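See below for the structure under consideration.
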Amino acid sequence: MKPKNLADIFLEELKDIYHAEKQLLKALPKMAKAATCQQLAGAFTEHLAETQTHVKRLEAVFASINETPKVKKCEAMEGLVEEGGEAIEEDMPDHVRDALLIGAAQKVEHYEIGTYGTLRAWADQLGYEKAKALLMETLDEEKAADTALTELAFSHINHDAEIEPVAAK
Ligand SMILES: [Fe+2]
């Protein structure tokens, strides 16, 4: 379908992020399992629970504009998840992997923050008040998840990753 107006691209973008969130439901448990730092594993598990809420919220957004939830393949998230998968599969010291997992997860968060920010702005323009409120709730949670990851990286994970090769000698 060729988009004709803002409402059309809003719906297309909604399908894109719906697919992105669904991909994350599969990726986050793997990331939690691969993390060595318990706090990092906990952050991924917590964000998995939030992601389940994000999927439900998106379904509510679809309903609020009288649409049934549909996915549109999100190639960007596929690429980001693949990159995270490399951190899981490649052989490297545990703390280095943790630092890489944080990097991969933050790219995911920033993609989501960009998309939810755009959707919220479009919902505002379109007068989709209910959708706007729901999208803002998720946007705030994505931002908080991103901040939590930054704090973890600074608190000790980047430091541990730096000294790891020395410790391994
Ligand atoms: Fe999300």
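Near MET77, once Lys and Arg are set to +1 and Asp and Glu to -1 for all other residues with Cβ below 14 Å from its Cβ, the sum equals -4. Within the chain, what is the longest stretch that has no GluC sites (Glu not before Pro) placed in a DSSP loop and near at most 16 other beta-carbon atoms within 10 Å? That would be 91-169. In the chain, helices alone account for a calculated mean residue ellipticity at 222 nm of -29000 deg cm²/dmol, with every DSSP H run of four or more residues adding -39,500 (n - 2.57). Determine, at each q value in 0.10, 0.13 (inverse angstroms), the log₁₀ of I(q)/I(0) that the Debye formula gives when each Cα of the chain is one equal point scatterer. The computed values of log10 I(q)/I(0) come out as -0.41, -0.64.
Placing a pseudo-label 7 Å from each Cα along the Cα-to-Cβ vector at HIS159 and GLU67 gives an inter-label distance of 4.7 nm. Within the same chain, lysines fewer than 8 places from LYS73 are excluded, and of the rest, those with a Cα less than 24 Å from its Cα are LYS2, LYS4, LYS15, LYS22, LYS26, LYS30, LYS56, LYS107, LYS132, LYS143.
Residue order for PHE62, PHE154, fewest other beta carbons within 10 angstrom first, comes to PHE154, PHE62. Neighbours of PHE44, meaning other residues whose beta-carbon lies under 12 angstrom from its beta-carbon, give a summed charge of -2 when Lys and Arg score +1 and Asp and Glu score -1.
Counting only other residues whose beta carbon sits under 13 Å from that of LYS2, what net charge do I get with K and R as +1, D and E as -1? Net of charged neighbours comes to -1. Per-residue Cβ neighbour counts within 10 Å put ILE65, ILE113 in the sequence ILE65, ILE113, beginning with the fewest.
Values quoted throughout were computed directly from the atomic coordinates according to the rules given, and no laboratory measurement underlies them. Nothing here was measured: the structure is a model prediction, and the numbers come from that model. Here the Cβ is made from the backbone with ideal geometry for all residues, glycine too, and neighbour counts use every protein chain on show.
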